[in-house]
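*Asks:* After the structure tokens below, expect a handful of questions from me.
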Amino acid sequence: MEQTQAVVEEHYAALRGHDWDHLNSLYAPEVEYEDPEVSVTGDSAVMSRARNLEAPFSDVDLALRSVEAGEDRCTVEWAYQGTNHAPIRTHAGVDFPATGRKITVKGVSVFELQAGRIIRERSYWDTASVYGQLGLLTDPVVLGSW
């Protein structure tokens, strides 16, 4: 359990520091990754996704709120804040110009490990909230809640 948590905490430290080589070393070559917008397989595709998510934001604060580790699985509740300083390219290939707005998003990521490397990462967050905070949804009320 301690090794699993240590690997996941290294993951977040590398992500915060944009230490892409170290982050990549924590993934198994055949890693599977999924978030609200994409599902990709392979360490190069996962690294591309990580860079794409981080590139548009500066002044980033990524805080781990809760970490629950088991033998080969770890669940992390996190909070992310950043300022949109560069264009955002969506998974569908749509480009949005930088807005200069600050966002706050909370989410959960579930990691599965094998032989000390991440083999699966599934992350969940409210993308509509992010696009709304950026001013990219003209009427976020349309999405509503239930």
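Read-outs throughout are calculated quantities, based only on the coordinates presented, and are distinct from any laboratory measurement. The shown structure was predicted, so the numbers you read here are calculated from the model rather than taken from an experiment. Ideal geometry is used to build each Cβ from the backbone, glycine not excepted, and the neighbour counts take in all protein chains shown.
*Asks:* Mind checking which residues of the range 17-36 are charged (D, E, K, R), under 20 Å from residue 78 (Cα atoms) and surrounded by fewer than 14 Cβ atoms within 10 Å (Cβ to Cβ)?
*Replies:* 19
*Asks:* In addition: Out of (1) closer than 22 Å to residue 89 by Cβ; (2) in contact (Cβ under 8 Å) with a residue 12 or more places away in the chain, the odd one out for residue 12 is which?
*Replies:* Single failed check for residue 12: (1).
*Asks:* Filter the range 93-105 down to residues that are surrounded by 15 or more Cβ atoms within 10 Å (Cβ to Cβ) and part of a strand (DSSP E or B) and give me whichever is nearest to the chain's Cα centre (by Cα).
*Replies:* 105
*Asks:* Select from the range 69-92 the residues that are under 19 Å from the mean Cα position of the chain (by Cα), outside any strand (DSSP E or B) and not β-branched (Val, Ile, Thr) and list them in ascending order.
*Replies:* Residues satisfying the conditions are 85, 86, 87, 91, 92.
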